[in-house]
Each structure stands twice: as C-alpha cells, then as structure tokens.
Amino acid sequence: MRTVVACENGVDGYAARAPAGWTESVPVKAIFGCRVETSADAVDLRFPKPLRKGERHEFVSLECDDDLDGERRWINVDVDHHGIAPGVVDGEGKVKGGLNVSITFDDHVPEACWWYAEQTECERVIRPPAGDRRLLEIRRGVVEHTFAGPCRSREQYGIAFR
C-alpha cells in the first residue's frame, strides 16, 4: 500500500517504474485506488480524481514478471519527485509506511537476497558477508524489506539476489 500526500494542487497520478536489472521494464498492474495508463516509455498510475495540496491518497500496484527466461539480479525502485517519507514505528515495533519491497519467487529461489540503498549497479550486486544486517531471510519463496528511513529523490532502493 502506498500513501501519497499532494505537495501541490492537481496531483493526479504516480509514475511507476520497475527496473529490475535487465533490459525490459516489468509490467505494472493496478490493484487498488488507481488505474494504469501506458505510453511508449512510461507507465503511469492514475488516481480516481486529482488531489488538492495536502490531500492523502492510498493505492496499491504490483509489478509482475512473467518472462522468466532472462537473468535477474535485483528488483529496484527508482525514487523520483519528492522522495518517500520515513515510516513510523507502531506500539508493536513494526514499521508502518516507508518503502516496502517484496518479491515472490515462484520456481527458482535464489541462494541469497539482500537489500541495498543508494548504490550503483556495480555495488548492489556484491553479496554482503555472512552476518551482515542487509542479508534477508527467504520464507516460502518470499523475501521483503521495508526501508524505514526516508528515501531520497533521484536515488535507488531495492533487493538484489544471487
């Protein structure tokens, strides 16, 4: 679930990008609170109505890769515009908000997954050493990570795997 807060009047959508360490972008599907509009070089998630400054809107989208022939090295979120606000820790110690990246591996589960933040393509593919806090546990083919701190605009965050 994504929550956006309009910084100006007339915000009517969100530019969806799903670069994943290969040449083609992953298809983006609208799940809740938005609809998909595609053009030659972009996928935009459009809201039911334009937002006014300060107005909040929640929506859900899903990136699905049905072409399993190519080699994958990461799932990346390219943060644009105003960045992503930090999450808030609730009374149970769980992070609400922030940026959550989740991957479901259907058939081929990788030997290792780790999260990266603000790294180049060369840096993000280097597997962290055993015991590093960036290594992630894969449970029943699913791995996820929530970036609880702020995600800066023009930076990239995601999960890499081998």
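Here the 3J(HN,Hα) profile of region 145-154, calculated from phi with Karplus coefficients 6.51, -1.76 and 1.60 at θ = phi - 60°, is 8, 10, 7, 6, x, x, 9, 7, 5, 6 Hz, Gly and Pro shown as x.
In this structure the amide hydrogen of residue 11, modeled in the peptide plane, comes within under 5 Å of the amide hydrogens of 51, none closer than 5 places in sequence on its chain. Applying the criteria of a DSSP loop state and at most 10 other Cβ atoms within 10 Å to the GluC sites (Glu not before Pro) of region 78-162 yields 92, 111, 137.
Direction-averaged shadow area of the convex hull around the Cα atoms of region 75-162, nm²?
So the mean shadow area of the Cα hull is 6.3 nm².
Positive end of the dipole of the chain (Cβ unit charges, origin at the Cα centre): among 1, 43, 114, the Cα lying farthest that way belongs to 1.
Cross-link reach is defined here as a Cα-Cα straight distance under 26 Å, omitting same-chain residues fewer than 8 places apart; for residue 29 the lysines meeting it are 49, 96. Where in region 142-162 does the label zone of residue 5 land, with the point 7 angstrom along Cα→C-beta and an amide N cut-off under 17 Å? 148-153, by backbone N distance to the label point. Pick from 131, 33, 141 the residue whose mean-square fluctuation is largest in a GNM of the chain, springs joining Cα atoms under 10 Å. Comparing 131, 33, 141 in a Gaussian network model of the chain, the most mobile one is 131. Structure remark: mean-square fluctuation, Gaussian network model of the chain, C-alpha springs under 10 Å; the largest value among 12, 44, 107 belongs to 107. A 1.4 Å probe over all protein chains sorts 113, 7, 34 by accessible area into 7, 34, 113, starting with the largest. The residue 112 and residue 146 beta-carbon pair, evaluated with R₀ = 25 Å, returns a calculated FRET efficiency of approximately 0.85.
Ligands, DNA and RNA are left out, and with a 1.4 angstrom probe the accessible area of the chain is 65 Å² per residue. Put simply, the chain fits an ellipsoid with semi-axes of 27, 20, 14 Å; these come from the alpha carbon gyration tensor as the roots of five times its eigenvalues, largest first. Taking the 1.4 Å solvent-accessible surface of the chain as the whole, the part contributed by carbon and sulfur is 48%. The stretch between residue 36 and residue 153 holds 39.9 nm of extra length on full extension. This uses 0.36 nm per residue minus the Cα-Cα distance.
Note on the chain: with charges restricted to the Cβ of Lys and Arg (+1) and Asp and Glu (-1), its dipole about the Cα centre is near 660 debye.
The values are calculated or read from the model by the stated rules, or taken from the named source; none is laboratory data. Just so it is clear, the model here is predicted, and its values are computed rather than measured. Cβ coordinates were reconstructed from backbone atoms using ideal geometry, including for glycine residues, and neighbour counts include every protein chain displayed. To get the accessible areas, we keep the full protein, side chains included, count just its heavy atoms, and leave off ligands, DNA and RNA. Shrake-Rupley method; radii C 1.70, N 1.55, O 1.52, S 1.80 Å.
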